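Below is one structure, written out as structure tokens, with a few remarks after it.
Read-outs: derived from the displayed coordinates by stated rules, not from any lab. Because the structure is a prediction, the values reported are computed rather than measured. All Cβ positions, even for glycine, are placed from backbone atoms using ideal geometry, and neighbour counts span all protein chains on display.
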């Protein structure tokens, strides 16, 4: 039976459109859609179990995968099958998850899976910009308890004009690259990088993207209505007890408020709050705790959250005693690790990051091999968050999605300040040693100092700050919190991280938890973040005011040299013999890349100290040396032969030429050693290519005066006594008769 297909089309302008289609594929899933733009096609399926799980949170899994067949390619490596997700895929999963998760009911704990797959790729379409739309559209066709449709859009700005879902080519010219996630009513998520833009420009970009998202949300509603919107499923929610909630609130609120107002360190505060909770539990019998102990814990945390929020809104105070716009104490240090190419420590309150920098060649670039994009990064940052940084002991199971996401945010904040002409591949690694609020922004600050310590000529230093928001819709009160703690992250209405220079914003990440946040509050929060960023930036520049003049003595120096393509083969040698021996002898690393525009070879020479680099440069100079016809050059005898001497140009060691015995002196020379010997240094004249031998010709005698009475021997006439038909003057044909092969004489 031919399936009935339902379809909605969204106009993006400029002749581009996105279609959402359902009814043809994956019909056993609880919801499935195919989202298409150009030749790019995403298949999204959603499934949620009907039985609630025993955990006290939503076990939601968002999975985004790009199939290599979508681009007509094979997976790289020996194992020809898609395996673990790439960092790019993980980042897309996080973008979608952060928008979907808050829209499920807090008491919905059924195992839920959202799978998005790139099935067909288009070079002019970036598929991750449509992943959020695909996920929400599939959920709208299901019976999940989900608040409202959402979508995501990428916004760029090319030549001053905003563009929705720009192509990769347009992004290369854009000074903004942001992903915005929103419903028709509220912006919920923002993440991206910018070229030092203002807070107002960032708000304008968000507004522009939100208008496009409203259109995409309306298309989902129309599709669901045409398909036949399912009734929302019933599920067993969490147990509630209003009387118990009021009782716990009365027992906990004032005590929590008093402790929060006193201001204390993380561990002291946590211990005091735990004591209040245990005292409340002690008022109940074991039977009561067994019956509703989980409710006691839940209602206590609600009372704790309410008390801390009220303290901030009513008195402008925070858990650790700070004012709303106050940044925690900061101390910094550079050049802490003696063997790294660059290092720094950044400590802010109870958060600490140790950053290292490693300098390398283009061979050390981070290779990106995805169906939707192939390329490499010459600047990249890795972020590690070990359990001990929060005082925990848990198994290490590889790099987490959170580590990938936080590292990417820090990388985006810094990379715009790495000059385009930086000769190195630069790797930054951040080791988070303590964490109580925004270790990703500590990574940005530590990374800036480590880069400057390594001698990387950053355009401007970058700092970062994590901000929070507490608001009350009924009273209209709100408080923007600078440099938030971990607890403030959980209880606030907005968590946003902003990185930038003295000139503007370079990257941001926002998760907005309150509906209908006004753009006025958003801009005010961004402006307060700017004040905090500049304060932190001052602490960084007090520690290290400018990039080091040069790399450290033990760090490699990078020198690049352009070489015409015809000389590259000689530099590499047969089977790479020349370049390998050169690297071994000079203790350098030599990498050769081709510039397709200029058709030249770019030679990268990396070495510690100048001795080895100078030796490689001398070798290149020797290869590029071209003597001028008629000029004289100093040479040195490096090899003696029966028919002449091999000499080496003094200004181009390794560049050799044969000095024939007939060009040693005006007099007849029987033995080469009668005129020159090994190691002799003298001048020769260069005559270019000898038409007779087709080899380079140099002469020593041409620079010597002719002896008195010297008579030059007439040139030999090799055709004397022969006519132009090969006959001698006696009429005999001296040409070989191929029909009668000549027999060789046999000597006795």
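Each listed q (0.18 Å⁻¹) maps to a log10 I(q)/I(0) for region 632-703, found by the Debye formula over equal Cα scatterers with no solvent: -0.61. With all pairs of different C-alpha atoms in the average, the Kirkwood value for the hydrodynamic radius of region 495-571 is 17.2 Å. Take the Cα of residue 502, step 7 Å toward its Cβ, do the same at residue 74, and the gap between the two points is 5.5 nm. Each residue in 430, 19 was given a count of other beta-carbon atoms within 10 angstrom of its own, and listing them fewest first yields 19, 430. Annotation for region 549-585 versus region 190-232: alpha-carbon center distance of 51 Å. In this label model, residue 7 and residue 513 are separated by 4.3 nm, measuring between points 7 Å along each Cα→Cβ vector. Based on Cα contacts under 8 Å between residues 6+ apart, the chain shows a relative contact order of 9 percent.
Considering the chain at the alpha-carbon level, its Rg and Dmax are found to be 37.5, 138 Å. State, as an integer percentage, the relative contact order of region 6-227 based on alpha-carbon contacts under 8 Å between residues 6 or more apart. Reported relative contact order: 21 percent. When every Cα-Cα distance of region 523-612 is counted in 10 angstrom steps from zero, the calculated P(r) takes the values 14, 28, 19, 14, 16, 8, 1 percent.
Helix 199-227 sits at what angle to the longest principal axis of the chain, using alpha carbons and giving 0 to 90 degrees rounded to 10? So the helix axis and the longest Cα principal axis differ by about 70 degrees.
Among 148, 508, sorting on how many other beta-carbon atoms sit within 10 Å of each Cβ, with the fewest leading, yields 148, 508.
Per residue, the Cα convex hull of region 6-227 amounts to 140 Å³. Using C-alpha pairs under 8 Å with a sequence gap of at least 6, the mean separation divided by the residue count of region 156-312 gives a relative contact order of 17 percent. Using the Cβ-Cβ distance between residue 278 and residue 258 with R0 = 22 Å, the FRET efficiency computed as 1/(1 + (r/R0)^6) comes to roughly 0.85.
Between the C-alpha center of region 448-493 and that of region 16-77 there is a gap of 34 Å. The C-alpha radius of gyration of region 351-403, expressed as a fraction of 2.2 N^0.38 Å, stands at 1.51. Send over the Kirkwood Rh of region 200-280, from the inverse of the averaged 1/r over different Cα pairs, rounded to one decimal Å. Result for region 200-280 stands at 18.4 Å. How tilted is helix 577-586 with respect to the longest principal axis of the chain? Cα atoms for both, answer in degrees (0 to 90, nearest 10). So the helix axis and the longest Cα principal axis differ by about 70 degrees. Most tightly packed first, judged by the mean number of other beta-carbon atoms within 10 Å of their residues, the peptides 134-143, 291-300 read 134-143, 291-300. Annotation: extensible slack from residue 301 through residue 270 equals 9.9 nm (criterion: 0.36 nm per residue apart, minus Cα-Cα distance).
Computed with the Debye formula from one identical point scatterer per Cα of region 242-315, without solvent, the log10 of I(q)/I(0) at q = 0.12, 0.25 Å⁻¹ comes to -0.32, -1.15. Measure nothing fancy, just the Cα-based angle from helix 439-453's long axis to the longest principal axis of the chain, in degrees from 0 to 90, nearest 10. Compared with the principal axis, the helix lies near 30 degrees.
Here is how the number arises for the chain: DSSP H runs of 4 or more residues each give -39500 (n - 2.57), the sum is divided by the residue count, and the result at 222 nm is -9500 deg cm²/dmol. By the count of other C-beta atoms within 10 Å, a proxy for reagent exposure, 678, 126 are ordered fewest to most as 678, 126. Ordering 22-28, 163-169 by mean Cβ neighbour count within 10 Å, with the highest value first, yields 163-169, 22-28.
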